[in-house]
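Reviewing the structure listed below.
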Ligand SMILES: [Fe+2]
Ligand SMILES: [Fe+2]
């Protein structure tokens, strides 16, 4: 294929780029994270069995990873093979979001590399940039096997664009390392629990191990930076965190307009859009609570909000904004800390 010089979209960044001539490591924790990042590099091409057969017409998840789709009455009335087709396309749609999101992560990690003020942060961010390049590579290659790629969700792009065009590296680390990667960690974990494909299982385990370092970096590095800020600057960062979280909540709220990519999933499966959403309304009207299956991770409750609280990105003033918006500020860190320890995952077993 010829090199593509034309772009899909372009943004302007107002961020400052900085040099640093003090070549010293003064944080043992960051040094340890950088060492781990170097030690656990893997090669997407050599370390995975790309000959593993993936049948694009069969679902790659063995159960309902969404927690709600198979409970929609219209979906329940479909034949077994129609349900399988829907599950296969729904999973392809989700994998496409993983792929596009990873490209966003690649660009934010590169932005951190040139914008973080100190040497150790720059070196660490460079490892994250390489990690994200590998993630783009593995998902792009896996999606070729699934044979269908869906467009990027409009809201996910909005969140990542807001992050990429932020004017301070702390905001980029909040938008990506805490919010988007919180969502990614939860989605990868939930997909890992549900997949029946051995190749995808290995991919997800490798990616999860890398992502756990990215989330750990966010909390290690950003906490100190926020603590050192002038109070006005801290409030500005807290407002940014609120904006990103609100956008993310909107995207997942029940009044959110359906995403064009998801509508395409319905079309591919010959499901009438109007009938489908009427049936979703019925499910909601029935008063049944749509709970995540057991062992699944809730991105806001278990990862994003506790991460933001921990680094001080939710100030007292911001708490009032969350209250007014009806967004709970969860601060139980146990799941988050479990993910951060997950680099011990025995990846190649
Ligand atoms: Fe990633
Ligand atoms: Fe990441």
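The values are calculated or read from the model by the stated rules, or taken from the named source; none is laboratory data. Computed from a prediction, not measured in an experiment: that's the story for all the values here. Please note: Cβ atoms are built from the backbone with ideal geometry, for glycine as well, and neighbour counts cover all protein chains shown.
In table form, for the structure just shown:
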| quantity | calculated |
| --- | --- |
| Any hit, segment 78-87, residues being outside any helix (DSSP H, G or I), away from ligand 2 (no atom under 16 Å from the Cβ), within 29 Å of residue 258 (Cβ to Cβ) and in contact with a strand residue (DSSP E or B) (Cβ under 8 Å, 6 or more places away or on another chain) | no |
| Hits in segment 212-231 - residues which are in a helix (DSSP H, G or I), in contact with a helix residue (DSSP H, G or I) (Cβ under 8 Å, 6 or more places away or on another chain) and free of Cβ contacts under 8 Å to residues at least 60 places away in the same chain | 225 |
| Test set (1) more than 14 Å from ligand 2 (Cβ to nearest atom); (2) farther than 23 Å from residue 95 by Cβ; (3) part of a helix (DSSP H, G or I) - residue 248 fails condition number | (2) |
| Residue within segment 95-107 that is under 13 Å from residue 153 (Cα atoms), more than 16 Å from ligand 1 (Cβ to nearest atom) and in contact (Cβ under 8 Å) with a residue 12 or more places away in the chain present | no |
| Members of segment 9-51 found to be out of contact with any helix residue (DSSP H, G or I) (no Cβ under 9 Å at 6 or more places or on another chain) and surrounded by 10 or more Cβ atoms within 10 Å (Cβ to Cβ), listed by number | 32, 35 |
| Whichever residue in segment 207-237 is at pLDDT 95 or above and crowded, with 23+ Cβ neighbours inside 10 Å and, among such residues, is nearest to ligand 1 (Cβ to nearest atom) | 207 |
| Tally of residues being surrounded by fewer than 19 Cβ atoms within 10 Å (Cβ to Cβ) and modelled with pLDDT under 95 across segment 144-157 | 7 |
| Any hit, segment 39-52, residues being out of contact with any strand residue (DSSP E or B) (no Cβ under 6 Å at 6 or more places or on another chain) and outside any loop (DSSP other than H, G, I, E, B) | yes |
| Test: residue in segment 163-172 that is without any contact (Cβ under 8 Å) to a residue 60 or more places away in the chain and either in a helix (DSSP H, G or I) or within 17 Å of residue 242 (Cβ to Cβ) (or both) | no |
| Filter pass, residue 111 being over 17 Å from the mean Cα position of the chain (by Cα), more than 11 Å from ligand 2 (Cβ to nearest atom), assigned to a helix (DSSP H, G or I) and over 30 Å from residue 261 (Cβ atoms) | no |
| Residue count, segment 115-144 (criterion: in contact with a helix residue (DSSP H, G or I) (Cβ under 8 Å, 6 or more places away or on another chain), away from ligand 2 (no atom under 13 Å from the Cβ) and either assigned to a helix (DSSP H, G or I) or free of Cβ contacts under 8 Å to residues at least 60 places away in the same chain (or both)) | 9 |
